[in-house]
Amino acid sequence: MIKVENPNKDYGTPSPLSFQDLLDGLDSNQDIETVSGTIDGQSVTVPKGTSVMRAAATLDVNIPKLCATDSIEAFGSCRICLVAIEGRRGFPASCTTPFEEGMNVTTQNSEIAELRRNVMELYISDHPLDCLTCSANGDCELQDMAGAVGLRDVRYGYEGENHLDAVKDESNPYFTFDPSKCITCSRCVRACEETQGTFALTIEGRGFDSKVSAGQSEDFIDSECVSCGACVQACPTATLTEKSIIEAGQPEHSKITTCAYCGVGCAFKAEMKGDQVVRMTPYKGGKANRGHSCVKGRFAFGYATHRNRITSPMIRDSIEDQWKEVSWEEAFSFAASQLRGIQEKYGTKSIGGISSSRCTNEEVWLVQKMVRAGFGNNNIDTCARVCHSPTGYGLKQTLGEAAGTQDFDSVEESDVIMVMGANPTDAHPVFGSRMKKRLRDGARLIVVDPRRIDLVKSPHIQAEHHLKLMPGTNVSFINAMAHVIVRDKLFDADFVAERCEGEAFDEWMAFIRDEMNSPENSEAITGIPAADLIAAARLYAQEGNSAIYYGLGVTEHSQGSTTVMGIANLAMLTGNIGRRGVGVNPLRGQNNVQGSCDMGSFPHELPGYRPVTDDEVRGTFEQAWGVEIDPEPGYRINNMLDAACAGLYKGLYVQGEDIAQSDPNTHHVEEALNNLECLIVQDLFLNETAKFATVFLPGSSFLEKNGTFTNAERRISPVRKVMPPLAGLEDWEVTMGLCNALGFEMNYSHPREIMAEIASLTPTFANVTYERLDAEDSIQWPCNDETPDGTPIMHIDDFVRGKGLFKVTEYVATDEKITKRFPLILTTGRILSQYNVGAQTRRTENNTWHDQDILEIHPSDALDRGIVDGDRVKIQSRSGETHLNAIVTERVQPSVVYTTFHHPESGANVITTDNSDWATNCPEYKVTAVQISKVIADQEQSDWQRQYETFSDKQVELASSDTEQTA
Amino acid sequence: MSRDTSQEAVLERASLRASVLDAIAANKHLKGSLLPILHDIQNSLGHIPSEHVVDIAEALNLSRAEVHGVISFYHSFTTSPHGKTVVEVCRAESCQAKGGRLVEAAVKAKLGVDFKQTTDDGEFTLEDVYCLGNCACSPSIRVGADIYGRVTPESALQLIDTLKTADAS
Ligand code: SF4
Ligand code: SF4
Ligand code: SF4
Ligand code: FES
Ligand code: FES
């Protein structure tokens, strides 16, 4: 019987089983070869390949160790873990010795004790003895080991040569490196290599002179370090320590919660001192992250207590007025009477709401419920509209469920990985690290991206094919892939015959065989040489497991939904669906994109992706809520904005989203917001949208509330309150207060009651409860009577819709054409250290890495325009103009320019256009025709940027009554 | 790092880089090509320029840190050009026992550099060695090709001064 691993214990060396084996093994215990023997007289059985150290740890026999920890492979350098093994000479290191059948191990006797003390003595003789004042006091493995081996005195004296006066490196904003405390165990070096995959550290020199070096003996901040924190986590001493711990001291209690940044959904231990978070450490029990983290989740939590937080509700009559701080009650009744007033004047449908992919499932549920039951219409949409709506649509059409098909663990069994329009090492860093690990272990990689992302080539990673396509031509590319596979007869005919609808397939075959889809024809459109594409198609279709991972570079196009369906076609065609290692995997941007969609934030769909026009579905909700629900679909975000401009739409409630910054064509958004009579914004900060609002309801950060998030692998994970909400109410309580003021009664005392309602009304969530989430850490939906344990891999025997449906995916060029006036294509993306609109990360030290948005331009385009590195440039499109600093780089190809959109003053969306996906209106952020030119000396800012600054400054001032407010 | 942007400095860097790229091209096809590349560069340039470690790393798909780790592990590699004269101070047991440390300290102070470093004027490079085979006469140092025994801090400094004046004339 193999024991379940305790996520709070360090077993010294990793398990020889993969995470998946571990799960299966626990269920059935079959197929796993085991070995048995004794350790200190106790018998033990472990999977073959387990180290003696780990085998002992499963019995709670904890062998002293310094250079070993279970997140990285054993190294065997410190020799403190030695043991005696019957029938063997000497004292082998238990971390590097595999446990074998019939082995009898002794971990303690006087001889071993003496040897260990000697080792310890050597370490301590070169170590400062300031334990009492050391930041790691109470959390130092060196200290623990000195205690464990019973070290009492040190014979060598400290006056010999030592490293005690080595200088500290404090260049990283979040942790320090104090080499005087280093024992050169190289755990940090190996963590950076094995866990994170960055290889930023090394051991420099040899013998006594050896020491840890970042980069080429430089400060951490100047090295390749991406500040993921893996080395800090692995360090057994105070050498690498979080600055927050140095300042505040060791935590005294902790709670497990879920990162609120990206769609990976990493589990963290929020470590606390009273109600102050002193450290976030990645939780080994987290099935999405398996103990790893990135710079955002690990370190960038300071925004939660940033002085810009607004902690009192505020109202005003118009956006020209000073804000007035009021009580919650007053804010609710003010907002409610305004909304009702508007409805009386302009009709029921003149108001609506927008829910957020950053809020919890429970909060999103309440927002859509308030709109449907309280507002009496279906004018509810979510910010997922602007990122992954094509995923929902495309996958629902073809496979039958609006979600990715795999769990993250699945990547460990992929043989070929195709990454398309996604940049995992920046946007989904922890998954990026897990993918890189698999690539180092031998999986082969195809990258489809106009830009050279890090995955294309970085230490120990090299894409076999980098297909640099022109933005906006994804569909042509994906069709050509399928064309080659069909032409070369590389498809899985059995799978298709058995699992997919025949008629649709035949029709699709006729379409895909057409010459227009040949790689040779496609080359003229995409710019991908036909030979490269053919080679990539053959690689993808080869035997073995091929997986596709894609991101916003697929969805945010006028043909986003078409590409998603094309991807699903490709996976079905090659039988790469329904088992581990394969599948169609959307990488979701924000933490709860999946959840906000699942929770019915759509004008045409009730929770669980069921049409609002369906009488039966509507009936169940009507019965449960005791109201009538409008059978007519409501407005999408873009319809809301258009209707506002037309004067038909007058009231809007926005929870935790910043449409003024994140939505395309800023001019149009601003005009719409200016036209509203009542804009209610609920957020942590006075965000860009709030500057147009008349009611401000302070929100609560993920640290201040209970709830759940659902990540990109459909994993529902708990968010736990570790400190009281700064403004007194959790976000769900705020929505409830407003809804009650509107006269529709809601009465929940805890989000678990909301989850119970979700489960009762949403078939895919039927068996989800807080009790189970507490016991199991997380659950992957669908979780109901048919799949009581949840569903890591979907579509195993059948597709959710029964048979898979091939969809004809014709390439249609975008309307956004390049012309003489606008000869370049601008595409947008993200960077590791900042998150989305940046409202949170810009209020942390993460700005150290990225304090402005920069335009990347290819040397040849730069040369044509006389632009050099650092020049201020003007970006003009059909919608507007903005100015940024430029960097000249070959990362982008000729005629493509690139920027991020994390800073509001950059106005990246001033230039993006109104074009959008034909099926879902997901905006075409990734393709804008532009012209770039150098600006004349004194034009730092464009007109818009100047107006923005004036307006923004004024609004900040209007909000600064007695409290100091700066944006 | 503040870079010298004078024309000579730029040309100098370009020629160093060219040698580095040559060494990479000549060896890249080999299995385990890092060491041959480093040896080639060390031989042709007399050192491995830190600035161009990035080129080696990129060519072999390694990180800069990894290449740096290897360079610093082997005593035969250096990362800055050697001075005209190499001064090696022995730090092995016998010399240590006979007061080699005092010599070490005096020489370091005199030259104003640490081991493996070169004086700003490019005259001297200081190196540590472990036994010069001259233990009978410890402490020992080697200046250029000549080994000196029974060195005292004073005699070591004198030696350096002589070299300096010899050079100046
Ligand atoms: S923080 Fe992460 S990237 Fe930086 S050195 Fe440590 S492990 Fe490597
Ligand atoms: S910094 Fe920490 S983990 Fe790295 S070698 Fe030193 S003691 Fe070990
Ligand atoms: S990878 Fe995403 S979920 Fe994980 S720590 Fe980073 S931002 Fe948070
Ligand atoms: S813990 Fe086994 S040798 Fe260090
Ligand atoms: S120990 Fe210095 S010469 Fe041998």
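The values are calculated or read from the model by the stated rules, or taken from the named source; none is laboratory data. Given the structure is predicted, the values throughout are model-derived calculations rather than measurements. So basically every Cβ, Gly included, is an ideal-geometry build from the backbone, and we count neighbours across all protein chains shown. Accessible surface is based on the protein model in full, side chains and every heavy atom, while ligands, DNA and RNA are left aside. Shrake-Rupley method; radii C 1.70, N 1.55, O 1.52, S 1.80 Å.
Tabulated values for the structure
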| quantity | calculated |
| --- | --- |
| Candidates A:Val61, A:Val105, filtered to the one that is touching a helix residue (DSSP H, G or I) at 6+ places or on another chain (Cβ under 7 Å) and either more than 16 Å from ligand 2 (Cβ to nearest atom) or within 19 Å of A:Arg190 (Cβ to Cβ) (or both) | A:Val105 |
| Qualifying residue in the stretch A:691-704 (condition: within 27 Å of the chain's Cα centre (by Cα), of a type in the set (Ser, Thr, Tyr) and either in a loop (DSSP other than H, G, I, E, B) or under 30 Å from A:Val956 (Cβ atoms) (or both)) | yes |
| Selection count where residues are charged (D, E, K, R) and more than 11 Å from every other protein chain (Cβ to nearest Cβ), scope the stretch B:45-79 | 1 |
| Segments classed as strands (runs of 3 or more DSSP E), wholly inside the stretch A:190-304, with at least 2 members that are within 11 Å of another protein chain (Cβ to nearest Cβ) | A:201-204, A:211-214 |
| Hits in the stretch A:197-225 (condition: within 28 Å of the chain's Cα centre (by Cα) and either of a type in the set (Ser, Thr, Tyr) or under 13 Å from B:Ser63 (Cα atoms) (or both)) | A:Gly197, A:Thr198, A:Phe199, A:Ala200, A:Leu201, A:Ala214, A:Gly215, A:Ser223, A:Glu224, A:Cys225 |
| Pairs with Cβ under 7 Å, 6+ apart, first in the stretch A:545-565 and at pLDDT 85 or above, second of a type in the set (Asp, Glu) and part of a helix (DSSP H, G or I) | A:Asn545/A:Glu413 |
| Positions within the stretch B:26-45 being open to solvent by 30 Å² or more (accessible area, probe 1.4 Å) and either at pLDDT below 90 or outside any helix (DSSP H, G or I) (or both), in sequence order | B:Lys28, B:His29, B:Leu30, B:Lys31, B:Gly32, B:Asn43, B:Ser44, B:Leu45 |
| Identity of the residue in the stretch A:827-859, more than 16 Å from A:Tyr261 (Cβ to Cβ) and open to solvent by 50 Å² or more (accessible area, probe 1.4 Å), that ends up modelled with the highest pLDDT | A:Ile854 |
| Index of the failed condition, A:Lys721 passing every other in (1) closer than 20 Å to A:Ala335 by Cβ; (2) assigned to a loop (DSSP other than H, G, I, E, B); (3) among the basic types (Lys, Arg) | (1) |
| Of all residues making up the stretch A:176-215, the number that are surrounded by fewer than 19 Cβ atoms within 10 Å (Cβ to Cβ), free of Cβ contacts under 8 Å to residues at least 40 places away in the same chain and either within 16 Å of ligand 5 (Cβ to nearest atom) or closer than 14 Å to A:Val232 by Cα (or both) | 1 |
| Those residues of the stretch A:183-208 which are near ligand 2 (Cβ under 8 Å from one of its atoms) and in contact with a Lys or Arg (Cβ under 8 Å, 6 or more places away or on another chain), in sequence order | A:Thr184, A:Ile203 |
| Criterion (open to solvent by 30 Å² or more (accessible area, probe 1.4 Å), at pLDDT 90 or above and within 16 Å of ligand 3 (Cβ to nearest atom)) met by exactly one of A:Ser36, A:Ser71 | A:Ser71 |
| Within the stretch A:738-775, tally of residues that are in contact with a helix residue (DSSP H, G or I) (Cβ under 9 Å, 6 or more places away or on another chain) and assigned to a loop (DSSP other than H, G, I, E, B) | 13 |
| Residue among A:Ser135, A:Ser171 that alone is assigned to a loop (DSSP other than H, G, I, E, B), within 16 Å of ligand 1 (Cβ to nearest atom) and at pLDDT below 95 | A:Ser171 |
| Any chance A:Arg54 is away from ligand 2 (no atom under 14 Å from the Cβ), out of contact with any Gly (no Cβ under 7 Å at 6 or more places or on another chain) and of a type in the set (Lys, Arg) | no |
| Among (1) within 16 Å of ligand 5 (Cβ to nearest atom); (2) surrounded by fewer than 16 Cβ atoms within 10 Å (Cβ to Cβ); (3) within 14 Å of chain A (Cβ to nearest Cβ) - the single one B:Asp114 does not satisfy | (1) |
| Test: A:Phe177 is within 15 Å of ligand 1 (Cβ to nearest atom), touching a Lys or Arg at 6+ places or on another chain (Cβ under 8 Å) and among the hydrophobic types (A, V, I, L, M, F, W, C) | yes |
| Residues (in a strand (DSSP E or B) and among the hydrophobic types (A, V, I, L, M, F, W, C)) located in the stretch A:38-69 | A:Ile39, A:Val44, A:Val46 |
| Subset of the stretch A:245-259 [open to solvent by 10 Å² or more (accessible area, probe 1.4 Å) and within 16 Å of ligand 3 (Cβ to nearest atom)] | A:Ile256, A:Cys259 |
| Members of the stretch A:887-905 that are in contact with a His (Cβ under 9 Å, 6 or more places away or on another chain) and outside any loop (DSSP other than H, G, I, E, B) | A:Val888, A:Val892, A:Val896, A:Val897, A:Thr900 |
| Residue in the stretch B:46-66 that is most open to solvent (accessible area, probe 1.4 Å), counting only those that are part of a loop (DSSP other than H, G, I, E, B) and of a type in the set (A, V, I, L, M, F, W, C) | B:Leu62 |
| Selection from the stretch A:288-316 of residues that are open to solvent by less than 10 Å² (accessible area, probe 1.4 Å) and of a type in the set (Phe, Trp, Tyr) | A:Tyr303 |
| Filter pass, B:Thr165 being over 13 Å from the mean Cα position of the chain (by Cα) and not in a strand (DSSP E or B) | yes |
